[in-house]
Amino acid sequence: MSIRDEGPAAGPDPVPPSVRAQLLATEHWGLLASRSTAQGEVLTRISMFLTFTSAGLVSVALVGQATGFSGAFVLLAVVVLFIVVGMGLLTQVRVMNVAHEDLMYVTAMNRLRAAYVELDPGVAPYLMAAHHDDEAGSRQTYYFFGNRSSLGHVAGSSMIFMTTANAALIAILAGLLLSLSGAGTVAAVLVGAACGLSFLAASAMGGYRSYRDVWTRFQPLSPTPPGRE
C-alpha cells in the first residue's frame with residue numbers, strides 16, 4: 001500500500017512530500033518518546049523489585065538472629081517470601097507487557113521508515129534499521145548486523161531475568177513449605193528445584209506463544225522481500 005493511495009481519487013496530490021515527511025517525522029518522534037518512557041518505567045519497576053527483595057531477605061535474617069530462629073522466624077520467613085513472590089509475579093507481568101509494547105513501537109517505526117523510503121527511495125541504503133514492518137524487519141532493527149542468535153537475544157532480555165529471579169524465589173518458598181510439613185531436606189530441595197524449573201519452563205513457553213501470536217494476527221504493509229529474511 002502506498003501512502004499516496006490515501007489521497008483523493010482524482011486530481012493532483014494536495015499534500016507536498018515535504019509536509020508528508022514532517023508528519024511522519026512527528027509520529028516517529030512520538031513513538032520514540034513513548035518507547036523510551038516504557039523502557040525507563042520497566043527498569044524502575046525491576047529496580048524496585050530487587051530493592052524490595054533485598055530488604056525483605058535482610059529483615060528476615062535480622063529477625064532470625066533476634067529470635068534465635070524460632071517458630072516466629074519461620075512464620076515471618078514464609079509470609080515475607082509470599083509477599084516477595086507476589087511482587088515478583090506482578091513485576092514479571094509488567095515486563096512482559098513492556099516487551100510487547102517495545103515490539104509494537106519498533107514495528108510502527110519500521111512502517112514509518114517504509115514511508116520515508118517511498119518518498120525518497122535514495123535513502124534506503126543509508127538506513128541500518130529495517131523499513132519492513134514484519135518479523136524479519138523487527139529482528140533487523142533490534143540488531144543491525146544480523147548475526148546474533150534469537151536464543152542469545154531472549155536469554156539476555158529483562159523478561160528472562162525476571163522469570164529466573166521469580167523461579168528461584170518460588171523454589172525457595174516451595175522447599176520451605178515442604179520442609180515445614182515434615183519432609184526431609186533432600187526432598188525439600190528436590191521439590192523446590194522442580195517447582196522453580198517448572199515455573200521457568202512454563203513462563204518461557206507462555207512468552208514464546210504470545211510472541212508467535214502477535215505475528216500470526218498482524219498484517220504487515222511492507223513485508224521483507226523473499227530471500228532477504
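Tabulated results
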{"item": "Selection count where residues are crowded, with 16+ Cβ neighbours inside 10 Å and modelled with pLDDT under 90, scope the range 128-157", "result": "0"}
{"item": "Members of the range 38-91 found to be assigned to a helix (DSSP H, G or I), among the polar types (S, T, N, Q) and more than 19 Å from the chain's Cα centre (by Cα), listed by number", "result": "T51, T53, S54, S59, Q65, T67"}
{"item": "Where I83 falls short, out of the listed (1) open to solvent by 20 Å² or more (accessible area, probe 1.4 Å); (2) more than 17 Å from L57 (Cβ to Cβ)", "result": "(2)"}
{"item": "Candidates R20, R35, R94, R113 - the one that is assigned to a helix (DSSP H, G or I), free of Cβ contacts under 8 Å to residues at least 40 places away in the same chain and among the charged types (D, E, K, R)", "result": "R113"}
{"item": "Residue in the range 104-127 that is over 30 Å from V19 (Cα atoms), out of contact with any helix residue (DSSP H, G or I) (no Cβ under 8 Å at 6 or more places or on another chain) and not hydrophobic (A, V, I, L, M, F, W, C) present", "result": "no"}
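The values are calculated or read from the model by the stated rules, or taken from the named source; none is laboratory data. Please read these numbers as outputs of a predicted model, since none were measured by experiment. All Cβ positions, even for glycine, are placed from backbone atoms using ideal geometry, and neighbour counts span all protein chains on display. Ligands, DNA and RNA are excluded from the accessible area calculation, which covers all protein heavy atoms including side chains. Shrake-Rupley method; radii C 1.70, N 1.55, O 1.52, S 1.80 Å.
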